[in-house]
Protein chains: 2
Amino acid sequence: MALWVQKYGGTSMGSPERIGHVADKIATTRAAGHQIAVVVSAMSGETNRLLALAHEVSHRPDLRELDQMIATGEQVSIALLAMALKERGVPARSYIGSQVAVRTDQARGRARILSIDTERLAADCHAGTVPVVAGFQGVDEDGNITTLGRGGSDTSAVALATALKADECQIYTDVDGVYTTDPRVEPRARRLATVTFEEMLEMASLGSKVLQIRSVEFAGKYHIPLRVLSSFKDGPGTLITLEEHKMMEDAVISGIAFDRNEAQLTVTGVPDKPGIAAAILGPIGAANIEVDMIVQNVSSDGSTDFTFTVAQTDCERSMEIVEPVAKRLGAKGTHAVTDIVKVSVVGVGMRSHPGIAAKVFEVLAREGINIRMISTSEIKISVVIEDKYLELAVRSLHKALGLETPANPR
Amino acid sequence: MALWVQKYGGTSMGSPERIGHVADKIATTRAAGHQIAVVVSAMSGETNRLLALAHEVSHRPDLRELDQMIATGEQVSIALLAMALKERGVPARSYIGSQVAVRTDQARGRARILSIDTERLAADCHAGTVPVVAGFQGVDEDGNITTLGRGGSDTSAVALATALKADECQIYTDVDGVYTTDPRVEPRARRLATVTFEEMLEMASLGSKVLQIRSVEFAGKYHIPLRVLSSFKDGPGTLITLEEHKMMEDAVISGIAFDRNEAQLTVTGVPDKPGIAAAILGPIGAANIEVDMIVQNVSSDGSTDFTFTVAQTDCERSMEIVEPVAKRLGAKGTHAVTDIVKVSVVGVGMRSHPGIAAKVFEVLAREGINIRMISTSEIKISVVIEDKYLELAVRSLHKALGLETPANPR
């Protein structure tokens with residue numbers, strides 16, 4: 001008998017009928033002898049409906065009040081699921097964040113979980129009652145409701161699995177696992193049986209939006225096996241696990257991720273002297289804008305070009321910040337481009353196979369795709385290219401790196 | 001400078017635009033130097049939307065979960081109003097029941113308020129911040145969310161006014177006061193400047209659904225002046241007050257209330273012996289069915305007829321309970337009628353004017369309206385008549401009792 005924490009997302013909870021389907025799934029698993037604790041998101045569309053209301057009454061809604069309001073989405077869905085479970089004869093009880101002391105810091109709209117009081121939850125599991133916990137929310141030390149930000153329910157589930165020392169944290173979603181790349185771009189993309197936390201982190205942060213990145217970090221840190229499954233289709237999904245457990249399928253490369261939402265900003269002709277990166281990126285960081293890739297080349301004539309990428313939504317604001325700084329530094333100019341895409345090849349096998357980068361560049365060259373920026377890590381190679389080449393790049397790399405067939409099929 | 005608790009109902013909060021209008025009203029009152037604490041209901045339609053969802057996932061939704069879910073309606077509207085106030089530069093802060101410890105008993109769906117922790121609220125008022133409190137909800141000793149039942153936000157407002165020792169509790173609604181009778185039945189109905197708590201209780205319990213009856217009881221018990229006003233139309237509304245304060249307008253009769261939702265059950269030919277009423281009504285009470293009027297006549301031949309009224313929705317269940325009892329008692333038979341209406345004439349002036357009952361019967365007789373049942377109290381005369389005579393009875397009584405023009409217009 002295992003203890004599983006199951007998380008059902010907004011699409012899985014999208015209608016009373018689907019909630020009934022989730023209740024059926026839980027009832028079946030419980031009947032097989034497992035203990036289940038459940039974390040759910042708001043019904044799909046609900047959070048957006050509430051946000052729209054907020055923006056109708058205020059141009060810049062107060063963040064405390066926004067959290068107070070948006071947390072109701074999960075409160076409704078936990079109650080509905082608990083009712084549906086009871087309707088099927090399964091003892092169940094719903095909890096909002098404050099009722100099981102999901103304590104967070106005070107960062108409105110993007111709070112971090114500090115602790116969970118598992119006393120009631122463990123007692124419920126032990127007694128055969130299914131606790132249904134609101135994802136995405138918590139409560140700060142003053143009793144204010146906080147939310148974890150979009151996708152925060154995944155993090156709630158992992159935090160709960162950690163606190164309850166669960167055997168597995170199962171994230172039910174509308175896809176049936178993690179794929180070698182986005183099947184909408186490459187139809188031959190293949191579901192991975194396992195992937196490591198590290199690989200998943202690189203995939204998630206690069207735009208494969210299956211799981212919230214913080215939940216993967218969290219699970220990796222506490223060694224909680226994380227499984228991504230479909231709410232609508234039976235199957236084993238993808239198990240996200242530690243590197244040493246990923247033996248069966250020892251491909252060098254696990255997948256190809258891409259991100260269409262980046263913008264590339266360049267400051268040209270900056271005098272090549274110490275402190276330039278800090279001078280340019282300091283004010284960007286201070287404005288809470290996240291910088292992704294950063295490239296600075298060696299200079300030839302005492303000046304250099306400094307390039308970095310940010311989310312497209314931050315592009316305009318970033319330019320407003322960078323332009324006066326560039327002037328002050330005596331740079332030649334600044335420019336931004338948004339018709340770019342970042343493509344990343346990810347795999348822990350790279351550690352022992354040094355030839356991958358060369359192969360990636362060779363494939364792109366063969367297809368006549370110009371590389372605008374390169375950045376690498378131990379288990380990842382990212383390139384920025386013109387966005388019109390996205391499909392061509394992904395498909396060529398998917399084929400050339402042998403992702404169509406598993407190295408050691410399970 | 002006064003401290004007012006203002007309550008805005010679901011219609012007043014029915015859309016972002018209307019919420020903005022409420023925020024304008026509060027901002028104006030506050031600018032005039034008054035301290036305001038606000039209680040709000042869910043946006044109109046929201047509670048019904050949630051109930052419908054619940055009934056889609058369960059035939060008999062669990063009551064704890066129902067409370068957990070339905071309380072979100074008010075949570076959304078307090079946050080929206082606080083945002084709208086801040087948008088207008090008015091400091092505001094929303095609170096759900098648990099955040100200001102609105103402690104209730106554990107009666108799911110119809111809980112009673114035991115206490116409110118006013119520390120934060122009083123500090124807010126003192127600092128010029130408008131606290132916006134969720135009506136209709138509280139929290140029990142185990143941290144479960146409870147609700148007070150339909151219209152419970154009025155009670156929340158009065159409880160808050162009592163706890164804060166407010167100067168007045170103002171209930172904003174979609175009508176501009178309490179009328180001598182329903183203007184849809186008698187267009188000459190007139191708004192009352194004042195009415196006593198006692199009269200209001202009789203009017204409310206008899207179907208004038210302006211205020212929740214428990215809120216009037218509560219306000220009367222703690223001597224909190226209660227004012228009913230319109231959210232949409234400026235005006236003084238109706239002040240509900242103690243009898244000694246109602247001097248200016250000393251009409252004998254304050255109004256005519258009616259209730260279309262009663263059913264009349266009769267047990268005919270019951271042997272006239274002690275314990276009959278208890279034998280018949282005991283099981284009805286045990287089934288949590290509320291009995292309104294009860295009439296038993298003297299017997300002529302050793303047997304009597306026993307008649308009582310219940311809500312129409314309880315009629316079928318009541319008959320199922322009464323039939324076997326009647327058989328056991330050796331009664332002749334049982335029957336129920338639902339095409340009836342109860343009309344009540346209410347006024348504290350009756351205490352000093354004993355001729356009112358005779359006048360009521362005379363008016364009805366003149367119009368050829370047969371009285372099926374009579375029941376009186378110190379300040380009220382109720383009759384049950386066939387429902388087709390409702391308009392005729394109300395209009396004739398309204399005229400004959402001089403309700404069209406105030407006795408002492410203010």
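Since every read-out is calculated from the coordinates, none of them should be taken as a lab result. Note that the structure is predicted; figures quoted are calculated from it, not measured. Heads up, the Cβs are rebuilt from the backbone with ideal geometry, glycines too, and the neighbour counts pull from every protein chain shown.
Quick one: what are the phi-derived ³J(HN,Hα) couplings along region A:352-368, Karplus 6.51/-1.76/1.60 with θ = phi - 60°, whole Hz, x for glycine and proline?
9, 10, x, x, 5, 4, 4, 5, 4, 5, 5, 4, 5, 4, 4, 8, x
In whole percent, what relative contact order does chain B give with Cα contacts below 8 Å and a gap of six or more residues?
Result for chain B is 14 percent.
How charged is the neighbourhood of A:THR313? Take every other residue with its Cβ under 14 Å from the Cβ of A:THR313, and add Lys/Arg as +1 and Asp/Glu as -1.
-4
Listed here are the pairs A:LYS7/A:LYS342; A:LYS25/A:LYS233; B:LYS233/B:LYS399; A:LYS221/A:LYS342; B:LYS7/B:LYS233; which of them are more than 19 Å apart at the Cα?
A:LYS7/A:LYS342; B:LYS233/B:LYS399; A:LYS221/A:LYS342
Evaluate the Debye formula for the protein assembly as shown with equal point scatterers sitting on the alpha carbons, no solvent, and hand back log10 of I(q)/I(0) at q = 0.08, 0.09 Å⁻¹, in q order, two decimals.
At q = 0.08, 0.09 Å⁻¹ the computed log10 ratios are -0.83, -0.97.
Search the structure for amide H atoms under 5 Å from the amide H of A:ILE171, placed 1.01 Å from N in the peptide plane, and list their residues when 5 or more places away or on another chain.
Hits under the 5 Å cutoff: A:LYS7, A:ARG227, A:VAL228, A:LEU229.
If you add up the charges near A:LEU121, with Lys and Arg at +1 and Asp and Glu at -1, over every other residue whose beta carbon is less than 13 angstrom from its beta carbon, what do you get?
Summing Lys and Arg as +1 and Asp and Glu as -1 gives 0.
Give the angle, between 0 and 90 degrees and rounded to the nearest 10, that separates the Cα long axis of helix B:152-163 from the longest principal axis of the Cα atoms of chain B.
So the helix axis and the longest Cα principal axis differ by about 60 degrees.
Using a simple spin-label model with points 7 Å from Cα along the Cα→Cβ vector, what separation in nm is obtained for A:LEU392 and B:ALA31?
Result: 6.3 nm between the two label points.
To check you understand DSSP bridge types, tell me what percent of the beta bridges within chain B (both residues inside) are antiparallel, rounded to 5. Before the final figure, lay out the partial values.
On the way: 43 of 70 bridges.
Looking only at bridges with both residues in chain B, the antiparallel portion is about 60 percent.
With label points built 7 Å along Cα→Cβ from the Cα atoms of A:ASN297 and B:THR268, find their separation and express it in nm.
10.6 nm
What whole number of Å gives the distance from the Cα centroid of region A:349-410 to the Cα centroid of region B:1-59?
57 Å
Cut-off is 10 Å between beta-carbons; in what order do A:ARG372, B:ARG366 appear when sorted fewest neighbours first?
With the sparsest Cβ surroundings first, the list reads B:ARG366, A:ARG372.
In whole Hz and in residue order, list the ³J(HN,Hα) couplings for region A:112-123 that follow from phi through the Karplus curve 6.51 cos²θ - 1.76 cosθ + 1.60, θ = phi - 60°; x for Gly and Pro.
Calculated HN-Hα couplings, in order: 10, 6, 9, 6, 10, 7, 8, 3, 5, 5, 5, 5 Hz.
Rounded to the nearest 500 deg cm²/dmol, what is the calculated helix-only ellipticity per residue at 222 nm for the protein assembly as shown, with -39500 (n - 2.57) per DSSP H run of length n ≥ 4?
-10500 deg cm²/dmol
Pairs of Cα atoms under 8 Å, at least six residues apart: use those to get the relative contact order of region A:3-174, whole percent. Present the calculation step by step, with values, prior to reporting the outcome.
Working: 368 pairs, mean separation 52.6, N = 172.
With pairs under 8 Å counted, the relative contact order is 31 percent.
Pull up the cross-link candidates among the lysines for B:LYS327, meaning alpha carbon to alpha carbon under 26 Å and not fewer than 8 places away within one chain.
Straight-line reach from B:LYS327, under 26 Å: B:LYS273.
Roughly what % antiparallel, to the nearest 5, for the DSSP beta bridges in region B:3-174?
In region B:3-174, approximately 20 percent of DSSP beta bridges are antiparallel ones.
Placing the label point 7 Å from Cα along the Cα-to-Cβ direction, what are the distances from B:VAL298 to the equivalent spots in the other copies, shortest first, in nm to one decimal?
Ordered by distance, the counterparts are at 12.2 nm.
Given H placed on each backbone N at 1.01 Å, which residues far from A:THR334 in sequence or on other chains put an amide H within less than 5 Å of it?
For A:THR334, whose amide H was placed from the backbone, the distant partners under 5 Å are A:THR268.
Just round it to a whole percent: the fraction of Cα-Cα distances in chain B exceeding 32 Å.
Tail of P(r) above 32 Å: 44 percent of Cα pairs.
Can you give the local net charge around B:PRO61? Use residues other than it whose beta-carbon is closer than 9 angstrom to its beta-carbon, Lys and Arg +1, Asp and Glu -1.
Around B:PRO61, the surrounding residues sum to -1.
By count of other Cβ within 10 Å, fewest leading, how are A:THR28, A:THR181, A:THR47, A:THR72 ordered?
Final ranking by Cβ density, sparse to dense: A:THR28, A:THR47, A:THR181, A:THR72.
Take every DSSP beta bridge whose two residues both sit in the protein assembly as shown, then give the antiparallel share in percent to the nearest 5.
Here the antiparallel bridges make up roughly 60 percent for the protein assembly as shown.
Please arrange A:MET203, A:MET293 by counting, for each residue, the other beta carbons lying within 10 Å of its beta carbon, fewest first.
A:MET293, A:MET203
Taking amide H positions as placed in the peptide plane 1.01 Å from N, state which residues far from B:ASP105 in sequence (5 or more) or on other chains have amide H under 5 Å from it.
B:ARG112, B:LEU114
Through the Karplus equation 6.51 cos²θ - 1.76 cosθ + 1.60, θ set to phi - 60°, convert the phi angles of region A:337-351 into ³J(HN,Hα) values in whole Hz; use x for Gly and Pro.
10, 10, 8, 10, 9, 9, 10, 10, 9, 10, x, 5, x, 4, 3
Since chains A and B are linked by a rotation, which residue in A has the beta carbon closest to its axis, and how far is it in Å?
Reported as residue, whole Å: A:THR72, 2.
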